[in-house]
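These notes concern the structure reproduced below.
The values are calculated or read from the model by the stated rules, or taken from the named source; none is laboratory data. Here the structure is a predicted model, which means the values were calculated and not measured. All Cβ positions, glycine included, derive from the backbone under ideal geometry; neighbour counts span all protein chains shown.
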Amino acid sequence: MTWSATARGAHQPDNTAFTQQRLPAWHPLLSASITLPLFFCAGLAFLGLGLGLYYSSNAIQELEYDYTGDADEGSCATCATEDQGRAPPPRCSCSWYFTLSELFPGPVYLYYELTGFYQNNRRYGVSRDDAQLSGLPSALHHPANECAPYQYSAGLPVAPCGAVANSLFNDTFTLWHRRQPDAPYVEVPLDRSAIAWWTDYHIKFRNPPLVNGSLALAFKGTAPPPNWPVPVYELSSDPNNTGFVNQDFVVWMRTAALPTFRKLYARIRQGNYSAGLPSGAYRVDIAYNYPVRAFGGHKLLVFSNISWMGGKNPFLGIAYLVVGSLCIVMGFVMLAVYIRYQDQDDDDNDDE
Amino acid sequence: ELLEVLSFDSVRRRMSVIVRSTAGEIYLFCKGADSSIFPRVIEGKVDQIRSRVERNAVEGLRTLCVAYKRLIPEEYEGVCGLLQAAKVALQDREKKLAEAYEQIEKDLILLGATAVEDRLQEKAADTIEALQKAGIKVWVLTGDKMETAAATCYACRLFRRGTQLLELTTKRIEEQSLHDVLFELSKTVLRCSGSLTRDHFSGLSTDMHDYGLIIDGAALSLIMKPREDGSSANYRELFLDICRNCSAVLCCRMAPLQKAQIVKLIKFSKEHPITLAIGDGANDVSMILEAHVGIGVIGKEGRQAARNSDYAIPKFKHLKKMLLVHGHFYYIRISELVQYFFYKNVCFIFPQFLYQFFCGFSQQTLYDTAYLTLYNISFTSLPILLYSLMEQHVGVDVLKRDPSLYRDIAKNALLRWRVFIYWTFLGVFDALVFFFGAYFMFENTTVTSNGQMFGNWTFGTLVFTVMVFTVTLKLALDTHYWTWINHFVIWGSLLFYVVFSLLWGGIIWPFLSYQRMYYVFIHMLSCGPAWLGILLLITVSLLPDILKKVLCRQLWPTATERTQARNQCLSVEQPTVFMLSQTSSGLSF
């Protein structure tokens, strides 16, 4: 068989731009003339952003108090030393007194913070049943296996099942304020609504269908989790905020990313306090239920106000400032190198 | 009438036929290489023909000598018997045949010599020059005589006018011992090694110290012969040392097995170079099989070489485009593919690893399982796939015009430890930026404007989003050849990621047993700091690479980068003067 250079064989590929890789293309080059102005612009923009973010974060005020009772100071120390090993631990309440010398601008947000609590532990995080929490009656009576050992309690299925639900945070706080030292304490209204994601308590979490108009009957045949003092349909007296859609419950079920985390407890924005917390003496009454000392954790209470960029976190501002200045410095370095080697390049080009 | 054929073999380098003429006389005609015919000749104008043959060889013609002898019928009977016995021998048939041939082909009368002009293939000289400029060492291994081969090498510009030829031939070895010859040669080449720019195993030298070595098969077998005193290793080392400093080596009078032997010798020498063997005849098959890459030229001498090769090309000149263009492109593409794959997976897994320190080492995944599964399949696979199919960092004609660009990738330059460590360092740096950037942003406070807190899935999704965008933009920075396909896959992959995330988290999928990702992505994008954080983290991750690229291009540009920067002006390729056609078996590395 003779091989001919001119005859088009059956296996010869097509001579199109695509198959022969001759497609029209753009050849960008990361040269100094493009990157230098880019670096300077980016540096300036980042510096501006960084300054804005930093000042915005600096303007936010935060007030926090560790009420675990470790250091034997404050009234919560007595609660701390009581028999915390029992579950549920004995009821105890303590108070935190503080004064504000000037207005704490609002709206003020109240958080509770836990440290050393690994809500992101894998075994803990999978111990829940989202089907049950979405209100499916079949799942209500047959909780998922991942919930074990909080799946069945005394022969009855647990609703809501799982370790995440079982470890629900159950400290409660009330805030009292008095303007003058001899005036009585007035309760500050805490707005406990809309503290969870809207999609969570409207779509993801639903109560099982009511039986004869009663939520308690809907949960008939189930047991509360072992560590809960009350069953799930009695979490709140407000019928719109009880059962699986209880806001505190939903907030707790959103597992936190890191072992030190905060969760929203309430907003202070009603009535006289909509502009913020005025100056005066304050008292927070804490129902100390949650046993964190067993694992060396801490409980904190945090008052904070929020800006468009969230809470007090200087990181973003500082990071932008640093990166912006780095960009500008590197821009100058590259400019110097470019100018110096530009002369050398010109000489080279002339020699060629 | 043809009676017998004593077939050709490459060891004795001749063949004979026994014929009966119309008058009934029996003749034996023998033709072969002059070195194998002349010793058997007893009559004829030997000296005249010998000088004529030498003159022809110097001119580059391939010579053959022809001789004959008359056989009387009894002699013929004896010859027949010998051949028959040898042909049907059950053991050592080759040896018995060789002995038989040896006995039959003697006492010949010299008839004359033939000379054939074996023309060089078109553009062979251009190809060899391009290969040498590219830093590839070209060796020619041929079965021809020394004079013929040397003339061919001058013709194809393997030896230039300024090349000083060193001979390691049988003639010189007869005069001095092998040891002395080797020593002398090595002193000659090594004397000038300091002045050459040290570039191991490259044929570069623009100054006059340009050496070419000629060695023939007998000398090579002397060097390779195993000796009792162990000095053969020294001879081999000495020989390789000499070869290293020569810009071209010509091995003539090589038997096919010797060609393979020399390839093996070089393959296992100190630097372990990559060898390529190209040939067109059946005598090249062993060397093609031995070398790392064997190329067969589909030529007039049959398709044995092509059948045994890794690649078959129709003409020798195609080797130039094959190595300098296609080879260069494939190397760039493959090395980027390998490095990029390791890099993007380091970026992917290292944040997961870091997260373990913050989740109590409980093997909690940072990202949702859908992201874990689809990262390598859907979000980051197409861009690099299309890059490794389409990338052309410089144009095809530039590569053909400037073979010295090939030196930028010599010695596996892009897959060395140093480059790999740079990529790994970049991956680790990027992973640290992603993870700790998100960590410090999320630490403890809310980032939404309504005070609500994010959970661990939002944290993971933020890290993942930054990561997907960074690794894709890194590839975009590395791409030099943007066709519509590149735009489509790169921006398309990013778009696909966003759309997938929106869909995955936007619907309560009934088949899922968990709904942890519901609304996570959308909620993350609804807060300002998340956008600012993503922008910042992507910038910080890409910054070192951009800096390195720009500074290295400015301060230490490689030849390729210089060519990229120069204005691309179209130039017509110089037509070469050679229109001859022939193949020369060559080995290059």
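Take B:Thr479 and decide whether it is touching a helix residue (DSSP H, G or I) at 6+ places or on another chain (Cβ under 7 Å), more than 7 Å from every other protein chain (Cβ to nearest Cβ) and at pLDDT 95 or above. Answer is no for this residue. Taking the criterion of being among the small types (Gly, Ala, Ser) and either more than 9 Å from chain B (Cβ to nearest Cβ) or surrounded by 17 or more Cβ atoms within 10 Å (Cβ to Cβ) (or both), the residues of segment A:19-53 that qualify are A:Ala25, A:Ala32, A:Ser33, A:Ala42, A:Gly43, A:Ala45, A:Gly48, A:Gly50, A:Gly52. With respect to the conditions (1) under 38 Å from the mean Cα position of the chain (by Cα); (2) free of Cβ contacts under 8 Å to residues at least 40 places away in the same chain, B:Val5 falls short on a single one, namely (1). For A:Asn212, the conditions (1) modelled with pLDDT of 90 or more; (2) loosely packed, with under 14 Cβ neighbours inside 10 Å; (3) on the phi > 0 side of the Ramachandran plot all hold with the exception of (1). Only a single criterion out of (1) within 26 Å of B:Gly60 (Cα to Cα); (2) buried (at least 17 other Cβ atoms within 10 Å of the Cβ); (3) assigned by the TED database to the domain that holds B:Arg20 is not satisfied by B:Leu97, namely (1).
Scanning segment A:288-321 for residues that are part of a helix (DSSP H, G or I) and more than 9 Å from chain B (Cβ to nearest Cβ), we see that the one that is surrounded by the most Cβ atoms within 10 Å (Cβ to Cβ) is A:Gly317.
Here's a check for you: in segment B:20-46, which residue that is in a strand (DSSP E or B) and of a type in the set (Val, Ile, Thr) is farthest from the chain's Cα centre (by Cα)? By that ranking, first place goes to B:Ile26. Only one of B:Tyr439, B:Tyr514 is facing chain A (nearest Cβ under 10 Å), in contact with a helix residue (DSSP H, G or I) (Cβ under 9 Å, 6 or more places away or on another chain), modelled with pLDDT of 90 or more and more than 30 Å from A:Ile339 (Cβ to Cβ). Can you tell me which? Every option except B:Tyr439 fails the conditions. Applying the selection to segment A:92-150, what residues are assigned to a strand (DSSP E or B), touching a Gly at 6+ places or on another chain (Cβ under 9 Å), surrounded by 16 or more Cβ atoms within 10 Å (Cβ to Cβ) and not hydrophobic (A, V, I, L, M, F, W, C)? Scanning segment A:92-150 gives A:Tyr109, A:Tyr111, A:Thr115.
Does segment B:526-547 contain at least one residue that is more than 10 Å from chain A (Cβ to nearest Cβ), part of a helix (DSSP H, G or I) and loosely packed, with under 14 Cβ neighbours inside 10 Å? The answer is yes; a qualifying residue exists.
The set of residues in segment A:166-199 being within 20 Å of A:Ala266 (Cα to Cα) and small (Gly, Ala, Ser) consists of A:Ser167, A:Ser193, A:Ala194, A:Ala196.
Of all the listed residues (B:Gly296, B:Gly302), the sole one being within 14 Å of chain A (Cβ to nearest Cβ), under 24 Å from B:Val11 (Cβ atoms), out of contact with any Lys or Arg (no Cβ under 6 Å at 6 or more places or on another chain) and crowded, with 21+ Cβ neighbours inside 10 Å is B:Gly296. Once segment B:344-369 is narrowed to residues that are surrounded by fewer than 16 Cβ atoms within 10 Å (Cβ to Cβ) and more than 13 Å from chain A (Cβ to nearest Cβ), the residue that is nearest to A:Ala256 (Cα to Cα) is B:Phe353.
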